[in-house]
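S.K.: There's a structure below that I have some questions on.
The values are calculated or read from the model by the stated rules, or taken from the named source; none is laboratory data. Worth saying up front: this structure is predicted, and the values here are computed from it rather than measured. For neighbour counting, all protein chains shown are included, and Cβ atoms are generated from backbone atoms with ideal geometry for every residue, glycine included. Each accessible area value is taken on the protein alone, full model and side chains, heavy atoms only, with ligands, DNA and RNA left out. Shrake-Rupley method; radii C 1.70, N 1.55, O 1.52, S 1.80 Å.
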Amino acid sequence: MSANRSLIQASLASLALALFSQQAAAQAYPAKPVRFVVSTPAGTSPDIIARMASERLAKALGQPFLVDNITGAGGILATQTLVRGAPDGYTLMFAGMGAFVIDPYMKKDPGYDVDKDLQPIAFIYEQDRLSIAVHPDVPAKTLPELINVAKQAPGKMSYGVTNVVLLVMVGQWLNKLAGTDMVQVTYKTAGQQMQDLLANRIQWIVAAPPQLDAFVKSGKLRIIAVDGVGRYQRWPDVPSIAETFPGYRTSGMGILIAPRGTPANVTQPLHAAMDKINRDPEYQQKLLDMSISVKDAGTPEALSAFIRERRTYWANIFKTLNVPPASE
């Protein structure tokens, strides 16, 4: 009897130790501060959103999430920094269209492979918005009307974009779909672009809604179309570009990623925390104020499907516009 009792006690002790070890392992991450890489400078929209998310992740998981702005090479340096990190959850990244779609196409060897090196964990946001704003003197209140005006005077209408690959492609893609030859003017800063639009030196621009809101309210600009799935909640009367060109969507995305091979005991708590954050109405409203939307963190399958769809869509844009990958 004594031997049996000892055996039972030993078994229970072993079971308790195993359960304790499992709980400890499950609670081990994060055990120290987490580096959160962002590819844009401080004060930009991705940086602001990353800091909003990092503050909430820190609160949810009990360790600081420290935003590290690594700029240069169009954002590629940031992604290279991520993939050089250990797959242990202590180097994460806010990744967008650049890392997943544009950089691998525009640069022959960006220093990483999307499929082999990047591990999506959760949506930070599903889409941002871009809008088309015209000078009030332009006799167009809708995108089809703008296209008609442009076709009446080929090569006379001009539009502005800042020197960002995504925005440059947006204007060229609209020209292709519409069959127009509107002239693109590229600016180093949004301020220069806005000055020329307000002075009617260019007739329209592609820009994010928050950049335009004050000018729209004062009557200095008119919004005629907004990119993205569905209409923008802040401007429900403004048609989406997809209402003119079905399937059109060039808006960006924000995804929390880690180096490929990061284990489930790291990715699962991160995903759960981002899912809770994304469902918070206050967080959603803060994003909406920036013309950005999100529903939840997305399942791994949903994330993978979303990224594949975006890559396929943009591959078609690059192919149709005859934009070859860079040689270096």
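S.K.: For Arg249, Arg308, give the ranking by accessible area with the largest first, probe 1.4 Å.
M.R.: Order by accessible area, largest first: Arg308, Arg249.
S.K.: Starting from 0 in steps of 10 Å, tell me what percent of the Cα-Cα pairs of region 72-164 lands in each bin.
M.R.: Calculated P(r), rounded to whole percents: 12, 33, 20, 19, 13, 3.
S.K.: How far is helix 45-61 tilted, in degrees, relative to the longest principal axis of the Cα atoms in the chain, given as a value from 0 to 90 rounded to the nearest 10?
M.R.: Roughly 20 degrees, rounded to the nearest 10.
S.K.: Helix 143-152 versus the longest principal axis of the chain: what angle, 0 to 90°, nearest 10, using Cα atoms?
M.R.: 40
S.K.: Same structure, new question: Which of these values of mean projected area of the Cα convex hull in nm² was calculated from the structure shown: (i) 25.9; (ii) 19.9; (iii) 15.8?
M.R.: Derived directly from the coordinates: (ii).
S.K.: While we're here: Taking the Cα centre of region 231-282 as the origin and placing charges on Cβ (Lys, Arg +1; Asp, Glu -1), which of Trp235, Ile257, Pro246 is farthest toward the positive end of the dipole?
M.R.: Of Trp235, Ile257, Pro246, it is Ile257.
S.K.: Here is a further query. Which Rg and Dmax, in Å, describe the Cα atoms of region 125-218?
M.R.: Rg then Dmax for region 125-218, in Å: 12.6, 40.
S.K.: Something else about it: Could you state the accessible area per residue of the chain in Å², with a 1.4 Å probe and every protein chain left in place?
M.R.: 48
S.K.: Gain in length, Glu145 to Ala190, computed as 0.36 nm per residue apart minus the alpha-carbon separation, to one decimal in nm?
M.R.: 13.7 nm
S.K.: With charges set only on the Cβ (+1 for Lys and Arg, -1 for Asp and Glu), what does the dipole of the chain come to about its Cα centre, in debye to the nearest 20?
M.R.: 80
S.K.: Roughly how tilted is helix 165-178, in degrees to the nearest 10 and between 0 and 90, from the longest Cα axis of the chain?
M.R.: Helix 165-178 sits roughly 50 degrees off the main axis of the chain.
S.K.: Moving on to the next point. Pop out the carbon and sulfur fraction of the accessible area of the chain as a percent, whole number, probe 1.4 Å.
M.R.: 55
S.K.: For region 262-303, what is the convex hull volume of the alpha-carbon atoms per residue, in Å³?
M.R.: Per-residue hull volume (Cα only) is 72 Å³.
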